[in-house]
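Structure, as structure tokens:
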Amino acid sequence: MPTSNSKAGVQSPAAVSAVGLRKSYGDKTVLDGIDLRIPAGSVFALLGPNGAGKTTVVKILSTLIAADGGQARVAGHDVATAGQAVRAAIGVTGQFSAVDGLITGAENMLLMADLHHLPKAEGRRVTAELLERFDLLDAADKPASTYSGGMKRRLDIAMTLVGSPRIIFLDEPTTGLDPRSRHTMWQIIRELVTGGVTVFLTTQYLEEADQLADRIAVLHNGTIAAEGTAEELKRIIPGGHVQLRFTDPTTHQRAATLLTDATTDTDALTLRVPNDGSQRALRTLLDHLDTAGIEATELTVHTPDLDDVFFALTDDTTTDKETAR
């Protein structure tokens, strides 16, 4: 479930906005006019295949690279003319951990506190609080190289929070994590948003976007192919159906004759019947079968999900534009 109530508050101020963002590397266009508006205190997920430009968007919005065209504002500041103010308001966790494995977890945190020019006492206090919050106290004095992947990711985000950012960019934060660590990371993200932080998330895990995001955009071939809530995106894709499976070929044939709009698989003895999965539609289908004296061995309902949305809006011909540079 999404983590905030921002969908009800459409008048929320924009934490991040962009109009017409463009970026090319040589003759390769990575971003071809990107428009975004992300309300404060929400989770926004940017989906897309490898090379679609997700990381490029994050780098532009976090002032790491300059756009070739368009405008963007983060925390109320223009990213092109007020980079220092933008950087003071944000935190960034990239695809690859920024943790230094040669020093301890606590030392990584204190180093980040120094980079934020926190007084020594304040740095120690913030470090202790964040290590406890992210369940890293027991490992605080161990070299970070000994941490598991999930622990390193938690330390990475804890380091990002040292400066109390209002907006956090998480670029594929759960890539490579096991399911348990991924769910732990999801809970951390939910808690951040509950505390008023805005999260800009890029991910290739569709379940992750479905679980966390208030709004989702699908980036493909340099443009936003679609944007909306998870439910809004699912509604734009047809394909809901009920699958009926039979064990008796004769019963399967009778059902196929009765349900003329069904797709038949005679080898698997199944029928795929277009259906939106609603109670009314299912009752109508079952009543139709009962009246004809036909009983299926198994019935499963499939409604469009984010996988369907993703595959419908993208394809496997995307070139790896982000590596073209």
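Every read-out reported here was derived from the displayed coordinates using simple, explicitly stated rules and does not represent laboratory data. Please read all numbers here as calculations on a predicted model, not as lab measurements. Note that each Cβ is placed from the backbone with ideal geometry, even for glycine, and that neighbours are counted across all protein chains shown.
Odds and ends about this structure:
- Going by neighbour counts of Cβ atoms within 10 Å, the residues H241, H252 line up, fewest first, as H241, H252.
- Here the scattering of region 82-233 is modelled by Debye summation over its C-alpha atoms, one equal scatterer each and no solvent; at q = 0.16 Å⁻¹ the log10 of I(q)/I(0) is -0.91.
- Derived from the Cα gyration tensor, the three semi-axes of the equivalent ellipsoid of the chain are 45, 24, 18 Å, largest first.
- Here the Karplus relation 6.51 cos²θ - 1.76 cosθ + 1.60, evaluated at θ = phi - 60°, turns the backbone of region 68-82 into coupling constants of 7, x, x, 10, 8, 10, 10, 6, x, 10, 6, 5, 7, 10, 10 Hz, with x for every Gly and Pro.
- With 5 Å bins beginning at zero, the pair-distance distribution over Cα atoms of region 177-325 amounts to 2, 8, 14, 14, 12, 12, 12, 10, 8, 6, 3, 1, 0 %.
- Between the helical axis of 279-291 and the longest alpha-carbon principal axis of the chain there is an angle of about 20 degrees.
- Straight-distance candidates among the aspartates and glutamates for linking to K23, with alpha-carbon spacing under 15 Å and chain neighbours fewer than 8 residues away dropped: D32, D35, D68, D320, E322.
- Debye intensity ratio in log₁₀ form over the Cα atoms of region 119-203, taken at each q of 0.27 Å⁻¹: -1.53
- Between helix 249-258 and the chain: long-axis angle, C-alpha atoms, 0 to 90°, nearest 10: 90
- Pair K28, E295: separation of 7 Å Cα→Cβ label points (nm): 6.0
- With the gyration tensor restricted to C-alpha atoms of region 241-303, the semi-axes of the equivalent ellipsoid amount to 17, 13, 10 Å, longest first.
- Ranking of K120, K23 by neighbouring Cβ atoms within 10 Å, starting from the fewest: K120, K23.
- Cβ-based exposure ranking for R124, R87, in which fewest neighbours within 10 Å come first: R124, R87
- Fraction of antiparallel bridges per DSSP, the chain only, in percent to nearest 5: 65
- Relative contact order of region 233-314, defined on C-alpha pairs under 8 angstrom at six or more residues apart (%): 46
- Percent of C-alpha pairs per 10 Å bin, region 63-169, short to long: 15, 42, 28, 13, 2
- Tilt relative to the chain, helix 179-194 - C-alpha long axis, 0 to 90 degrees, to 10: 70
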